[in-house]
Amino acid sequence: MEEAAPATRLKVACRLAEKAYLAAQRALIWHTDRTELAALDDLLWTFADGSFVPHEWLTSNAAAAAPVLLSAGPVPTEAFDFVVNLAAGPPPFLHLARRIAEIIDGDEARRRAGRVRFKAYRELGIVPTTTHM
C-alpha cells in the first residue's frame, strides 16, 4: 500500500480477518505491539457497517472458541489456516500457519522491516507472493 497511516493498515487487517472468518478459516492476528493490537481489537467491531468478526484474545495455550484470535503473546501452539502478521519480524510459529499475510504500507520503517521479513521467508524456503492494493 502507498498510504502510511497506521489506521489504514489496521483496517486492511480487519478485512483480511473478515475474509478468513467468512471462509470458515481459523485465523490469528499476530503483533508484538499490544497497544496497536488493542486498537485493532476495537476496530474489528466498527471497521465496516454490518460487519461482524467474532474474535478474542489468545490468553493461554488453551484452545479459544472464536474463529479469529489476537495475540501479542503467548505464542500459539495450535495450527491456523491464516495468520495476519503485524509484527516487525516473522511470527515465531511459522510451522503452524498454512498462509501468512504481511501488510506493507507506505511507512518507510515498516517497508524496511517488510523487506527483511521477505528475505527471511525466502531463506526458509517460503515463496512469498505480492499483491498491490
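The values are calculated or read from the model by the stated rules, or taken from the named source; none is laboratory data. Quick caveat, the model's predicted, so the values are computed rather than measured. All Cβ positions, even for glycine, are placed from backbone atoms using ideal geometry, and neighbour counts span all protein chains on display.
Only strands (runs of 3 or more DSSP E) whose full extent lies in the range 1-71 are considered here, and the ones with at least 1 residues that are within 26 Å of residue 111 (Cβ to Cβ), of a type in the set (S, T, N, Q) and touching a residue at least 24 places away in the same chain (Cβ under 8 Å) are 68-71.
Scanning the range 74-130 for residues that are of a type in the set (Phe, Trp, Tyr) and farther than 25 Å from residue 58 by Cα yields a count of 1. Applying the set (1) under 11 Å from the mean Cα position of the chain (by Cα); (2) at pLDDT below 90 to residue 61 leaves exactly one unmet item: (1).
Residues considered: 68, 75. Of these, the only one that is in contact with a helix residue (DSSP H, G or I) (Cβ under 8 Å, 6 or more places away or on another chain), surrounded by 11 or more Cβ atoms within 10 Å (Cβ to Cβ), of a type in the set (Val, Ile, Thr) and closer than 22 Å to residue 38 by Cβ is 68.
Quick grid of which residues meet (1) farther than 16 Å from residue 56 by Cα; (2) buried (at least 18 other Cβ atoms within 10 Å of the Cβ); (3) of a type outside the set (Asp, Glu); (4) at pLDDT below 95:
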| residue | (1), (2), (3), (4) |
| --- | --- |
| 1 | yes, no, yes, yes |
| 6 | yes, no, yes, yes |
| 17 | no, yes, yes, no |
| 29 | no, yes, yes, no |
| 35 | no, no, yes, no |
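Summed over the range 84-133, residues that are under 15 Å from residue 16 (Cα atoms), β-branched (Val, Ile, Thr), out of contact with any strand residue (DSSP E or B) (no Cβ under 6 Å at 6 or more places or on another chain) and surrounded by 12 or more Cβ atoms within 10 Å (Cβ to Cβ) total 2.
Could you tell me which residue of the range 84-99 is nearest to residue 117 (Cα to Cα), considering only residues that are assigned to a strand (DSSP E or B) and in contact with a Phe, Trp or Tyr (Cβ under 6 Å, 6 or more places away or on another chain)? It comes out as 85.
Looking at the range 100-122 only, could you name the residues that are in a loop (DSSP other than H, G, I, E, B) and either free of Cβ contacts under 8 Å to residues at least 12 places away in the same chain or within 15 Å of the chain's Cα centre (by Cα) (or both)? Those that are in a loop (DSSP other than H, G, I, E, B) and either free of Cβ contacts under 8 Å to residues at least 12 places away in the same chain or within 15 Å of the chain's Cα centre (by Cα) (or both): 103, 104, 105.
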